[in-house]
Amino acid sequence: MISRAHRVTPLTAIQNIYSMVERDSESRVIPYCLENNIGMVPFSPIASGLLSGKITTETKFEKNDDVRNWVPQLSKANIAGNQPIIDLLKEYADKKNVTSAQISLAWMLHKYPNVVPIPGSKNKERIIENLDASNVELTDTEFTSLESALNKCRVYGHRGFSR
């Protein structure tokens with residue numbers, strides 16, 4: 001689809017789901033975008049808050065107006081299943097004296113030069129925290145170690161992505 005659209009009119013950016021727990025686009029979408037100088041704008045780069053470490057199996061979302069009620073990764077069972085990823089992020093965050101959300105965004109910014117995440121929040125403090133992720137630097141060694149550990153983790157509640 002992207003290549004067909006790009007042939008009709010050159011694309012400057014696409015938007016797609018992408019995070020540490022939604023990595024399907026790494027196989028074809030991001031490589032195509034890199035080859036064709038197209039930016040990638042990931043939505044839900046912190047996986048609806050899962051990667052912040054602030055959501056637990058006890059978290060309750062508003063009943064009427066919170067999309068997180070329907071995000072598969074945020075069911076109690078899937079939050080518990082994804083805990084090794086949350087623990088991994090916390091380990092790196094503690095070493096750098098930053099937040100888990102900032103590590104997840106720093107990982108994304110380090111990994112691909114054409115990826116610019118748009119984390120969303122209704123909370124001013126979270127917005128500032130997310131912006132400050134651009135100041136978090138992962139060394140190549142830290143990135144490689146984090147990437148290797150992530151590759152060993154199973155993801156629960158996969159949402160999929162648009163192709």
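The values are calculated or read from the model by the stated rules, or taken from the named source; none is laboratory data. Remember, predicted model here, so these are calculated numbers, not experimental data. Glycine also receives a Cβ, built like all others from the backbone with ideal geometry; neighbour counts cover every protein chain displayed. Keep in mind that these areas ignore ligands, DNA and RNA; they rest on the heavy atoms of the full protein, side chains included. Shrake-Rupley method; radii C 1.70, N 1.55, O 1.52, S 1.80 Å.
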*asked:* Restricting to the range 64-114, count the residues that are under 11 Å from L50 (Cα atoms), in a loop (DSSP other than H, G, I, E, B) and either of a type in the set (V, I, T) or touching a Phe, Trp or Tyr at 6+ places or on another chain (Cβ under 7 Å) (or both).
replied: 2
*Go through the range 13-42 and count every residue that is open to solvent by 60 Å² or more (accessible area, probe 1.4 Å) and touching a strand residue (DSSP E or B) at 6+ places or on another chain (Cβ under 6 Å).*
1
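Which one of S104, S100, S75 is in contact with a Lys or Arg (Cβ under 9 Å, 6 or more places away or on another chain) and of a type in the set (S, T, Y)? If you could, list the steps in order and put the result at the bottom.
On the way: S104 fails: in contact with a Lys or Arg (Cβ under 9 Å, 6 or more places away or on another chain); S75 fails: in contact with a Lys or Arg (Cβ under 9 Å, 6 or more places away or on another chain).
That would be S100, the only listed residue that is in contact with a Lys or Arg (Cβ under 9 Å, 6 or more places away or on another chain) and of a type in the set (S, T, Y).
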*Within the set of pairs 6 or more residues apart or between chains, which connect a residue that is farther than 18 Å from A106 by Cβ and assigned to a helix (DSSP H, G or I) inside the range 25-51 to a residue that is hydroxyl-bearing (S, T, Y) and open to solvent by less than 10 Å² (accessible area, probe 1.4 Å) with Cβ atoms less than 7 Å apart?*
S25/Y18
_Looking at the range 138-156 only, could you name the residues that are open to solvent by 40 Å² or more (accessible area, probe 1.4 Å) and part of a loop (DSSP other than H, G, I, E, B)?_
T139, K152, R154, V155, Y156
*Among (1) outside any helix (DSSP H, G or I); (2) modelled with pLDDT under 95, where does S3 come up short?*
(1)
*Could you list, in sequence order, all residues of the range 105-137 that are free of Cβ contacts under 8 Å to residues at least 40 places away in the same chain and open to solvent by less than 20 Å² (accessible area, probe 1.4 Å)?*
A106, E129, A133
